[in-house]
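Let me begin by presenting the structure, written as structure tokens, before commenting on it.
Each value in this text was obtained by applying a stated rule to the coordinates, not by laboratory testing. Small disclaimer: the values here were computed from a predicted structure and weren't measured. Note that we place each Cβ from the backbone using ideal geometry, even for glycine, and neighbour counts take in every protein chain shown.
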């Protein structure tokens, strides 16, 4: 293990340069204009896997973007770890809020990253975290110190719902058979407060389209007599929550897992400063469901957020138009036992039912994802715990996260195994936002920790 | 007068070609990218005024777009008519809903325009209607038959609030002194139901900006705990109307002129088919303030419409962002006795007061305009009545319009005179919308009618 760590140490510059290189390719999976760059990124990943020592490296074609596969199988008696990651990124909009171009990575020091952070779209989510695994693999291979079989499955559609990954997994369940899935696409509480994610929210994401009159109208001639689809959309969206910020969709909370008072108490003992939280976001007050703390609202409670909305004239100056159409992208984060398909259906039925007669409503589902909770009494959780304790010098805290990684539920369903969510980002790393970044410290901490995970996992499986 | 009419007849092709030429220049005043084209259009108008026989033609520079001035003064004893019009146009968005490019005019037959209509941005509002006056002037000058002094004031900022016109009028009140203002920027009920506009709604137009967190956030990590500015904007906009579609801004209705039951009854006798209205707009039902008919809702009652709204991710696919900002353009149509500045202030105070603590609100006023009612017992109204009766073969109906022409109140204030709103468009001409058009019949009907207005006005002022 010392040799592995010293290999990492002596290759730091190379490892960092390669990350910057992959960050320069704009692999925006949501926008078909970037399809060529998405493929280029897949090829980059495949190349690096191959040169690190993986066998059977290939780009598996899908109806969308390709999945990169590679493996190193030593002995069927050894445990097999399937490493999952994604090489696609969120769209960089709004571009004007970036301090440096999203696909021209720069390293700058920040308060939370005194050793410097890499600023680029995908730096943390997930190119930086995914690439740690390839470099840790390279180090273990270089020093003949890989104590498990390993398979890599790196996809290019995580940010658009992983539809084709599901198909790929089901069609290749034998090839992908494993004892555990290991992924780094989550965060730790702080660089001196390591944590492991044990719960994830699910997701239902819909796009709604309202049509009022069949064309844009003059708001003076028709205003007051015809339903304005923007006003109507506002009224419909507003009605989705009551005065306590409870969601009003009938049946929405029916399946929500009730967390015990003991667990909630424990959860609220995690280090958290409301003052720092408000100060960091420059908000005067928080805002959420009555009866729950901020930590609870972002982990054990479902949400409903408008992620985008548009309609009418949005250019410079004033235009007195009564628009024909209005649109919104709306997502709901779900908690254990809520089913995304059921919630999408409940939303759709309810949303259509509340529309006034003067407008037509369409509801189009985007991707969804199952919520997930991982146990802490497994060999894989313990291995991650020991690995992080070793490199951070401090035991990691099990933590529920507000985000969604829908494929965790998929892996459980198809492979019958649990996942280990050993992420190294910070919540403040601005993933999905302008100026996304990832600490250089965190990048190397991840590369150092991963070989320990393999080490302890092998040990624990033997015993 | 016969000679004037036969001059018009024999120059029809030339008059139409010139209109098509000015329609090709994209004089979008709201968008600074078009500033050069706006000026080109002003120069076109000045050239045509000059060649028609106007004196002292000049482009008066303003802080924004220039005002075209020209005059023909015969005798101080004759009445003086100030012709007002505007050469700027609304933005053509959304472009993809146009059947032909907005600045490449084409003539096509429609159900309501069996003789053909000119399709182009500004065809009706107001290039087509403004240009009728220049051509009628040319015809009267060519045949030495102009029985009044005339002054032209054609501005380029009507669609953005006419701020600089107010300054110009006040600074040049002597030069612009007149007995009446004549303008064509309104509509008739139908080609066989002529009408004259005697009431206009005022306008208050604001842009609001909501800021939640200081940057876009990941909706999984922060969703449920931080006020989402789009959801919040929806809630705030929705709360501006109650279940009867009454506007809830305190004091909003305080100054609204109460129209008598007799006048309302008379108003509702105007030809109007609710079935045709709904069918034309392809809406299942109308929608408006409880207790009023469609004709009343669009004329004697104030309104509040969102003209544009945007925030978050509006591109292809799905992005799980909790945005930092959300925006809306909101306009209120006002009725007699409501003051735009007061209403803008009431809106601003109320809107800020209803914002939750987690968001910051900015309210920026765009242009406003006073509502106006013109009397029907004046020489100018009677002259317009007789002129239209002559050319349409039918007495025109006095009618209140839902739109706003804020400068009518300005003219009354600065010049102490009334305006005559002798428009020739149809409400169905899609002004401010894609596929704006103006009937070829209406264009020539206007050119024919205007000389009769001058004739009768002179006669009535003498008597």
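Measuring from centroid to centroid over Cα atoms, what is the spacing of segment A:416-449 and segment B:279-323 in Å?
43
Label residue A:378 and residue A:257 with points 7 Å out from Cα along Cα→Cβ: what is the distance between them in nm?
1.3
Quick one: A:321, B:38, fewest Cβ neighbours within 10 Å first, how do they rank? Can you show the working numbers first?
Details: A:321 29, B:38 23.
Ranking A:321, B:38 by Cβ neighbours within 10 Å, fewest first, gives B:38, A:321.
May I ask you to report, in nm to one decimal and beginning with the shortest, the distances from residue B:276 to the same position in the other copies, taking label points 7 Å along Cα-to-Cβ?
Label-point separations across copies, in nm and ascending: 7.0.
Let me confirm one metric for peptide B:274-287, namely the mean number of other chain beta-carbon atoms within 10 Å of its residues' beta-carbons. Numbers along the way, then the final one.
Numbers: counts 0, 0, 0, 3, 3, 0, 3, 10, 7, 10, 6, 6, 7, 12.
Averaged over the peptide's residues, the number is 5.
Could you pull the copy-to-copy label distances for residue A:265, with points set 7 Å along Cα to Cβ, in nm to one decimal and sorted shortest first?
The answer, with the shortest distance listed first, is 7.6 nm.
What order do you get for B:277-285, B:232-240 when each peptide is scored by the mean count of other beta carbon atoms within 10 Å, highest first? Intermediate results must be reported in sequence, preceding the final value.
On the way: B:277-285: 15.1, B:232-240: 22.6.
Top to bottom by mean Cβ count within 10 Å: B:232-240, B:277-285.
May I ask for the angle, rounded to the nearest 10°, between helix A:229-238 and the longest principal axis of chain A, with both axes built from Cα atoms and the value confined to 0 to 90°?
Value to nearest ten degrees: 60.
With an 8 Å Cα cut-off and a minimum separation of 6 or more residues, compute the relative contact order for chain B in percent.
25
Quick check: residue separation of residue A:62 and residue A:111 times 0.36 nm, minus the Cα distance between them. What number comes out in nm?
Additional length available on full extension: 13.4 nm.
Gap in Å between the Cα centre of segment B:16-92 and the Cα centre of segment A:157-187?
One Cα centre to the other: 66 Å.
How far is helix B:340-353 tilted off the main Cα axis of chain B, in degrees rounded to 10, range 0 to 90?
Computed tilt is about 10 degrees.
Working from Cα positions, state the angle (0 to 90°, nearest 10) between the long axis of helix B:379-392 and the longest principal axis of chain B.
So the helix axis and the longest Cα principal axis differ by about 80 degrees.
Given the convex hull of the Cα atoms of segment A:222-371, what is a quarter of its surface area in nm²?
11.6
Do you know the relative contact order of segment B:207-343, to the nearest whole percent, from alpha carbon pairs under 8 angstrom that are 6+ apart?
In percent, rounded to a whole number, it is 42.
Taking R0 as 35 Å, what's the FRET efficiency between residue A:460 and residue A:163 from their Cβ-Cβ distance, rounded to 0.05?
Details: r = 35 Å, r/R0 = 0.99.
E(calc), rounded to 0.05, equals 0.50.
How much mean residue ellipticity at 222 nm does chain A get from its helices, if each DSSP H run of length 4 or more adds -39500 (n - 2.57) and you divide by all residues, to the nearest 500 deg cm²/dmol?
Value at 222 nm, helices only: -10500 deg cm²/dmol.
For peptide B:90-99, what's the mean number of Cβ atoms from other chains within 10 Å of each residue's Cβ?
That works out to 3 on average.
Taking neighbour counts of Cβ atoms within 10 Å as a proxy for exposure, in what order, fewest first, do A:88, A:377, A:349 appear? Show your work: numbers first, answer last.
Numbers: A:88 27, A:377 6, A:349 13.
The most exposed by this proxy come first: A:377, A:349, A:88.
On average, how many beta carbons from a partner chain sit within 10 Å of the beta carbon of a residue in A:237-244?
The per-residue average across the peptide is 3.
If you average the alpha carbon positions of segment B:344-381 and of segment B:96-144, how far apart do those two centres end up, in angstrom?
32
Taking the label point 7 Å from Cα in the Cβ direction, how far apart in nm is residue A:192 from each other copy of itself, listed shortest first?
8.8
Give me the one-decimal nm value for the distance between modelled label points at residue B:47 and residue B:242, 7 Å along each residue's Cα-to-Cβ direction.
Between residue B:47 and residue B:242, the simple spin-label model gives 5.8 nm.
Would you please give the FRET efficiency between residue A:337 and residue B:275, computed as 1/(1 + (r/R0)^6) with r the Cβ-Cβ distance and R0 = 41 Å, to the nearest 0.05?
Values: r = 50 Å, r/R0 = 1.23.
Efficiency at R0 = 41 Å is approximately 0.20.
Within 10 Å of each residue's Cβ, count the other Cβ atoms and sort A:309, B:153 from fewest upward.
Fewest-to-most ranking of A:309, B:153: B:153, A:309.
Expected output is a single nm value to one decimal: the length gained when fully extending between residue B:285 and residue B:9, i.e. 0.36 nm times separation in residues minus the C-alpha distance. What is it?
The span from residue B:285 to residue B:9 would gain 94.9 nm if fully extended.
Points 7 angstrom from Cα along the Cβ direction at residue A:175 and residue B:74: gap in nanometres?
9.3
How high is the FRET efficiency from residue B:266 to residue B:40, r the C-beta distance, R0 45 Å, rounded to 0.05?
On the way: r = 46 Å, r/R0 = 1.02.
The value I calculate is 0.45.
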